[in-house]
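Below you will find the structure I want to go over with you.
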Amino acid sequence: MSEYEILRLIWWALLGILLIGFAVMDGFDLGTAALLPFVGRTDTERRIVINTVGPVWEGNQVWFILGGGAIFAAWPMLYAASFSGFYLAMILVLATLILRPAGFKFRSKLENTRWRTFWDWALFAGGIVPATVFGVAFGNLFEGVPFGFDGDMRMHSTISLLGLLNPFALLCGLVSLSMIVFHGASWLNYKASGMVKMRASAAMLYAGIAFVVLFTLAGMWLGQIDGYQIVGAMAHDGPSNPLLKTVTRVPHGWFANVSAHPALLLTLFAAYGGVVLAVLLRRFPGYAMLCSALVPAGTIATAGAALFPFLMPSSSEPGASLTVWDASSSSLTLAIMLGCVVLMLPVVIAYTTIVYRVMRGPVKASDVEDSHSAY
Amino acid sequence: MDIVELSRLQFAATALYHFLFVPLTLGLSILLGIMETVYVMTGKAIWKQLVQFWGVLFGINFAMGVATGITMEFQFGTNWAYYSHYVGDVFGAPLAIEGLMAFFLEATFVGLFFFAWDRLSKIQHLMATWLLALGTNLSALWILIANGWMQYPVGARFNADTMRMEVTDFMAVLFNPVAQAKFVHTVSAGYVCGSVFVLAISAMYLLQGRYKEFAKRSMTVAASFGLASALSVVVLGDESGYTAGQNQKMKIAAIEAMWDTEPAPASFTLFGLPDLAAHKTNYEIKVPWVLGLIATRSSDQVVPGIDQLVDQAKGHIANGVLAYRTLQQVRAHPKDAALRTELDAHVGDLGYGLLLKRFRPDIENATADDIAKAAASTIPDVPVLFWSFRFMVGIGFWFIALFAVAFWFSAKRQLDRYRSFLWAAVLTFPLPWVAIELGWIVAEYGRQPWAVVGVLPTALGVSSTSASNVLFSLLGFVIFYSALLVADIYLLQKFIRLGPQETIELPEDAT
Amino acid sequence: MFPKTVRRDVILLLCIKAAALTLIYFLFIKPAIVPEPDARTTAAHLIGG
C-alpha cells in the first residue's frame, strides 16, 4: 500500500472519529436542549437543565465546527458537493444553530417570561433540527443524490430540499434524533437533580426504545436499497478525480462490507448494547453515561463502515460518486493535517477533561437560584 | 441579481456582521487578562469587580461572535463550492487548524471563566482567562493565514489531473508576509476596539459622577493598552502597505487612485476625486515621497500605475489563454509528457486566462477586444477604496492622539479633570467599528475581481445552486442577524446603564 | 490539582506523541513534498513583477 492510499484510509477513519466525537460530545447538549421544554416545567427546572451544559456546551460545539473544517481540509470535494448540494438543509441547520449561543447567554438575563420562553423554544429548535438533519443527510448518502461534474470539475445537481426529505432519509433523521435525545437524557440523568433528573431517567427509557425500534427498521430498509459498487480495479493512490471510474448499483449492496468482514458487526453490538446497558444502569449515572456514548459511536461506525469506500454516491451519474480514493486532498495536505491532529487532539482532550473535572457534580436548584453567574 | 452578486452580497454582509463582534472579543479578552492579573497580584477586590463586570459585557458579545462565526465556516461550502474545490487543498487546512488549536481553547476556557470562580484558585482562574485570550488570538492568526493566501497565493501549484491548486510548501503558506502583517494589524485593531470600548464607557461613568474608582482604574488599563495597540495598528498598516506594494500592486494603485506610473519616489494623495471614466484624479493634494517610501521602502523603485498594470495584465491574459488551451489538451491526453511541459511554462497565468470566462465561455477563441475587457476588469472599485482607506487611516491617527492624551492624564491622575476629554472619549465609541469595517472593505473589495489573486476570479468560485436559494438565505440572514443585533445591543446597554454595582455582587471591602 | 503520578503519565504520553509525529513526518510528509516551482514561473505569475 502506498503512502497516499494509507493516508486516505487514515483520514476516512479520522473523519469517522471526528463525527463520533461530535455526536458524543455535542450530541448530549443537543439532546439536552431537545428535552428542555419537557423535563423542565418551571423556570428553575429549566435553568437547571440549561446550567448542566452551560459551562461545557461551547467547547462541545467546536466538535461540529471542527468536523466541518476537517471535511474542508481533507475532503474538499465532499465539503463542496455536500454543503452546496444540500444547500437549504444546511441553511436551516445554520439558522437554528445560530440561535444557540444567544439562547444560552441571553435567556436568563431578563426576568421577562415571554423572553425566557422564546429562548427555551429557540434552544429546543437548535437541538432537534441539527439532530434530525444530520440523520436525514446520512440517509440520503445511502440512497445517493443526483449530481455530477463537468470537465472543469464544476458540479451540477438536481438535489432539492423536498427530494432530501424522502421517507427513508426521514426515518434516518428520526434514528439520529432519538439517538441524540437518548444521549441527552443520559446526561441529564447524570448531571441534573430532583424532578428534572427523574424525568430524564424516564426519557432515557422511551428514547432508548424508540431508537432500538427505528434503528432496526432503518437497517432492514437499508437492505432493500441498492448499494453502490466500484467496477473493476481502481487505483487507490491516483489523483483525486471522481470521473475516472465506473460504478454499478448492487442489490443489498450496503451489506457487502459487513458480509466480507463480519467483525464489523461489533459496531452494531456497541450501538444496541450501549442502549440496553445505559437504561439498565440508570441508577449509576456515570456508567450509564459511558454506555450511552457507545450508542452514537456504534451507530456512526456502522453507517460509515457500510458506506465505505463511498462518501457521497451519485444517483444520476454513479461514476461521478465521491469515494475515499478520489475525493481527498493531496498527499501532502493529508499528511500535514494528520500531524496537526496527532499534535493537537490529545491536548484538546486533556484540557476538556480538566474542565469536566472542575465542573463536576450535579446542578441543584440552589446552584441556579443563588448564583450570579449561572445562566 | 445573479448568483454571483447575491453570493458576494451574502458573504460580505455575514462577514462584516461577524466582524462587529470579533474585534471586541479580541481586545476585551486581553483586557480581562490584564485586569485579572492586577487582581491576583494586588489582591484588591475592586479589580475582581472590573473583571466580572467587563466580563458580563464580554460574554454577551462573545456569544454573538460565536453565533455569526458558525455561518462563516460553512459558507465556503454552501455558497462558494467551486472555490472550495479549487483551492480547498490549501485553504481548508488553516481553517481546520483554527478549529483544533483556537476554537477548542477559547470555547472550553470561556466556560471556566464564567462558571468556575468558586471552584478554582485565583491563579487557576487567571490561567483560564489568559488561555481564553490566547484562543481568540490564535483564531485570528489562522483565519488570516487563510485570507493572506487569498491575497498572495504562495506555496501552491495547479494540478491538471485534479483541476485544483495543491500545496507544495506549507511553511510558505504559514509565513506568508501578507498574512503575518495582516495578523498583527488585525489583532491590534481588535485591541484598540476593546480599549475604546472600555475607555468610552468609563468616561461616561465619570461624566455621570458614578463608579469613580472603578472607571478610573478601567481607563488606566485601557489607556496604556490602547496606546500601544493604536501605534501597533499604524506600524503594521505600514507593513501591510509594503507587502501589498510588493505583491498586490493593483490594490495599492487602486487605493491611491494612481492611474499613471509616477517617477520614483511616488507621492501619496491625501485628497482627490477619482474620475473612473477618464482615468484621472482631480483636485489632488499630494504629499511627496510618502507612497514610494511605504510601498517600496526605497527612493528609486517605481510604483506602477493602474493603466500600466492593465497593460501588463493583457500579456498575462494572452498567456493564460495559451495555458487554458494546453490544459484542455492535457486533460484529453493525460499521458503526453510534452504537453505537460508545455502547460508548466504557461500555467502561472491560467488564472488571468480565466478572467475571460466572464466575457465568453470559450476563452480559447478570445479576441483582442475580449482581452482588453478582461484586463480592464482587473481594476477594483477605485473611489470606494480611495476613500475607505483614507477614513480608516484618519481614524487610526485619531486613536493614537486620544490614547496619548488618556495615557498622559492617567499618569498624572487627572482622568476626571477635563470634561472635554471625557466627552471626546465617549464620542469616539463607534469609531473603531467604522475603521475596522472600512479596513475589511479595503482588504476584500480591493482584491476584486479575484477570489485568489492571479488564480481564481471571484465570479467563477460560486456554487451551482439556484439564485433563488441564495436570495432566500441572504434575506434569512439579514432578518435573523438584525433581530440578534437588537437583542445584543439591548442587553449591552442595559448592563452598561446598570453599572458594576447592580450587575455583579460587590465584595464587602470593595469601593 | 493533579497528583504527581499524573505528571509521569503525561511525560510518557508526550514522548509517544513525539515519536508518532516523527514517524508521520518520515513516512508521509517527506515523500509527499513536491519540488518548488522555479523563480521564473513564480515571477511571471506576479503581476508587475
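The values are calculated or read from the model by the stated rules, or taken from the named source; none is laboratory data. Note that the structure is a prediction, hence the values are computed from the model and not measured. Neighbour counts are summed over all protein chains in view; Cβ atoms, including those assigned to glycine, are modelled from backbone coordinates with ideal geometry.
Tell me whether the stretch A:43-53 contains one or more residues that are crowded, with 24+ Cβ neighbours inside 10 Å and either facing chain B (nearest Cβ under 10 Å) or closer than 30 Å to B:G461 by Cβ (or both).
yes
Right, something else. When the stretch B:370-406 is examined, which residues are found to be out of contact with any Leu (no Cβ under 8 Å at 6 or more places or on another chain), more than 25 Å from B:A451 (Cβ to Cβ) and not aliphatic (A, V, I, L, M)?
Those that are out of contact with any Leu (no Cβ under 8 Å at 6 or more places or on another chain), more than 25 Å from B:A451 (Cβ to Cβ) and not aliphatic (A, V, I, L, M): B:G394, B:G396, B:F397.
Restricting attention to the stretch A:192-248, and to residues there that are without any contact (Cβ under 8 Å) to a residue 24 or more places away in the chain and among the hydrophobic types (A, V, I, L, M, F, W, C), which single residue is farthest from A:A34 (Cα to Cα)?
A:A233
Does B:A278 qualify as being outside the structural domain of B:V310 (by TED's automatic domain parsing) and over 20 Å from B:A189 (Cβ atoms)?
Values: outside the structural domain of B:V310 (by TED's automatic domain parsing): yes; over 20 Å from B:A189 (Cβ atoms): yes.
For B:A278, the condition - outside the structural domain of B:V310 (by TED's automatic domain parsing) and over 20 Å from B:A189 (Cβ atoms) - is met.
Checking A:R154 against (1) among the basic types (K, R); (2) within 10 Å of chain B (Cβ to nearest Cβ); (3) over 25 Å from A:G319 (Cα atoms); (4) surrounded by fewer than 21 Cβ atoms within 10 Å (Cβ to Cβ), which single condition isn't satisfied?
(3)
Mind counting the residues in the stretch B:171-186 that are over 16 Å from B:D238 (Cβ atoms) and surrounded by 22 or more Cβ atoms within 10 Å (Cβ to Cβ)? Explain how you work it out, then say what you get.
Step one: list which residues in the stretch B:171-186 are over 16 Å from B:D238 (Cβ atoms), which gives B:171-176, B:179.
Narrowing further to those that are surrounded by 22 or more Cβ atoms within 10 Å (Cβ to Cβ): B:173, B:176, B:179.
Within the stretch B:171-186, residues that are over 16 Å from B:D238 (Cβ atoms) and surrounded by 22 or more Cβ atoms within 10 Å (Cβ to Cβ) number 3.
Please go through the stretch C:11-32 and pick out each residue that is within 8 Å of chain A (Cβ to nearest Cβ) and more than 15 Å from the chain's Cα centre (by Cα).
Selection gives C:L13 alone.
Which of the residues spanning the stretch A:105-151 are surrounded by fewer than 20 Cβ atoms within 10 Å (Cβ to Cβ) and hydroxyl-bearing (S, T, Y)?
A:S108, A:T113, A:T117
So that you can scan it fast, the table gives a plain yes or no per residue for (1) facing chain A (nearest Cβ under 8 Å); (2) surrounded by fewer than 22 Cβ atoms within 10 Å (Cβ to Cβ); (3) over 23 Å from the mean Cα position of the chain (by Cα); (4) modelled with pLDDT under 95:
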residue: B:E5; (1), (2), (3), (4): no, yes, no, no
residue: B:V22; (1), (2), (3), (4): no, no, no, no
residue: B:W54; (1), (2), (3), (4): no, no, yes, no
residue: B:G77; (1), (2), (3), (4): yes, no, no, no
residue: B:F91; (1), (2), (3), (4): yes, no, no, no
residue: B:I97; (1), (2), (3), (4): yes, no, no, no
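Can I ask one more? Of the residues that make up the stretch A:309-331, is at least one surrounded by fewer than 16 Cβ atoms within 10 Å (Cβ to Cβ), closer than 24 Å to A:G173 by Cα and more than 14 Å from chain C (Cβ to nearest Cβ)?
The answer is yes, given that some residue of the stretch A:309-331 is surrounded by fewer than 16 Cβ atoms within 10 Å (Cβ to Cβ), closer than 24 Å to A:G173 by Cα and more than 14 Å from chain C (Cβ to nearest Cβ).
Residue under question is A:R41, and the condition is that it be among the basic types (K, R) and in a helix (DSSP H, G or I); does it hold?
Values: among the basic types (K, R): yes; in a helix (DSSP H, G or I): no.
Against the criterion (among the basic types (K, R) and in a helix (DSSP H, G or I)), A:R41 does not qualify.
Inside the stretch B:331-360, can you point out the residues that are more than 14 Å from chain C (Cβ to nearest Cβ) and within 26 Å of B:T378 (Cβ to Cβ)?
Of the stretch B:331-360, the ones more than 14 Å from chain C (Cβ to nearest Cβ) are B:331-339, B:356-360.
B:L356, B:K357, B:R358, B:F359, B:R360, listed by residue number.
Filter the stretch A:207-244 down to residues that are within 14 Å of chain B (Cβ to nearest Cβ), out of contact with any helix residue (DSSP H, G or I) (no Cβ under 8 Å at 6 or more places or on another chain) and surrounded by 15 or more Cβ atoms within 10 Å (Cβ to Cβ) and give me whichever is farthest from A:A256 (Cα to Cα).
It comes out as A:P239.
Of B:A406, B:A401, which residue is of a type outside the set (S, T, Y) and without any contact (Cβ under 8 Å) to a residue 60 or more places away in the chain? Quick ask: steps written out before the conclusion?
Values: B:A406 fails: without any contact (Cβ under 8 Å) to a residue 60 or more places away in the chain.
Answer to the selection: B:A401.
Working only within the stretch B:125-150, note down all residues that are closer than 29 Å to A:G151 by Cβ and either surrounded by fewer than 24 Cβ atoms within 10 Å (Cβ to Cβ) or charged (D, E, K, R) (or both). Show your work before the answer.
So in the stretch B:125-150, the residues closer than 29 Å to A:G151 by Cβ come out as B:146, B:149-150.
Within the stretch B:125-150, B:A146, B:M150 qualify.
Restricting attention to the stretch A:27-40, does a residue exist that is of a type in the set (D, E), crowded, with 24+ Cβ neighbours inside 10 Å and more than 9 Å from chain B (Cβ to nearest Cβ)?
Initial filter on the stretch A:27-40 (of a type in the set (D, E)): A:29.
Narrowing further to those that are crowded, with 24+ Cβ neighbours inside 10 Å: A:29.
Okay, now just the ones that are also more than 9 Å from chain B (Cβ to nearest Cβ), so A:29.
Checking the stretch A:27-40: at least one residue is of a type in the set (D, E), crowded, with 24+ Cβ neighbours inside 10 Å and more than 9 Å from chain B (Cβ to nearest Cβ).
Select, from A:A301, A:A306, the only residue that is farther than 30 Å from A:W57 by Cβ, part of a helix (DSSP H, G or I) and away from chain C (no Cβ under 14 Å). Let's see the steps before the verdict.
Working: A:A301 fails: farther than 30 Å from A:W57 by Cβ.
Exactly one of A:A301, A:A306 is farther than 30 Å from A:W57 by Cβ, part of a helix (DSSP H, G or I) and away from chain C (no Cβ under 14 Å), namely A:A306.
Before we move on, is B:I395 surrounded by 18 or more Cβ atoms within 10 Å (Cβ to Cβ) and either more than 30 Å from B:W259 (Cβ to Cβ) or at pLDDT below 95 (or both)?
On the way: surrounded by 18 or more Cβ atoms within 10 Å (Cβ to Cβ): yes; either more than 30 Å from B:W259 (Cβ to Cβ) or at pLDDT below 95 (or both): no.
In short, no.
What's the total number of residues in the stretch A:54-87 that are at the interface with chain B (Cβ under 7 Å from one of its Cβ atoms), closer than 22 Å to B:R164 by Cα and aromatic (F, W, Y)?
3
In addition: Please go through the stretch B:130-179 and pick out each residue that is within 15 Å of the chain's Cα centre (by Cα), within 14 Å of chain A (Cβ to nearest Cβ) and among the polar types (S, T, N, Q).
B:T136, B:S139
Every residue in the stretch A:258-285 that is more than 22 Å from the chain's Cα centre (by Cα) and not hydroxyl-bearing (S, T, Y), please.
Just the residues of the stretch A:258-285 that are more than 22 Å from the chain's Cα centre (by Cα), to begin with: A:259-263, A:280-285.
Scanning the stretch A:258-285 gives A:A260, A:H261, A:P262, A:A263, A:L280, A:L281, A:R282, A:R283, A:F284, A:P285.
Conditions first: (1) surrounded by fewer than 16 Cβ atoms within 10 Å (Cβ to Cβ); (2) at pLDDT below 90. B:T281 passes all but one, so which condition is the exception?
So B:T281 meets the others, but not (1).
Please report, ordered by residue number, the helices (runs of 4 or more DSSP H) entirely within the stretch B:255-350 with at least 3 residues that are in contact with a Phe, Trp or Tyr (Cβ under 8 Å, 6 or more places away or on another chain) and farther than 26 Å from B:W440 by Cα. Give the steps one after another, and end with the answer.
Values: elements: B:290-296, B:306-332, B:337-346.
Correct list: B:306-332.
With the checklist (1) more than 23 Å from C:I33 (Cβ to Cβ); (2) within 7 Å of another protein chain (Cβ to nearest Cβ); (3) in a helix (DSSP H, G or I) in hand, flag the one item B:K182 doesn't pass.
Among (1) more than 23 Å from C:I33 (Cβ to Cβ); (2) within 7 Å of another protein chain (Cβ to nearest Cβ); (3) in a helix (DSSP H, G or I), the lone unmet condition for B:K182 is (2).
Can you name every residue in the stretch B:441-477 that is among the hydrophobic types (A, V, I, L, M, F, W, C), under 18 Å from the mean Cα position of the chain (by Cα) and in a loop (DSSP other than H, G, I, E, B)? Before the answer, list the steps.
Filtering the stretch B:441-477 for residues among the hydrophobic types (A, V, I, L, M, F, W, C) gives B:441-443, B:450-453, B:455-456, B:459-460, B:462, B:467, B:470-472, B:474-475, B:477.
Now drop any that are not under 18 Å from the mean Cα position of the chain (by Cα), which leaves B:441-443, B:450-453.
B:V453 - this is the single residue of the stretch B:441-477 that is among the hydrophobic types (A, V, I, L, M, F, W, C), under 18 Å from the mean Cα position of the chain (by Cα) and in a loop (DSSP other than H, G, I, E, B).
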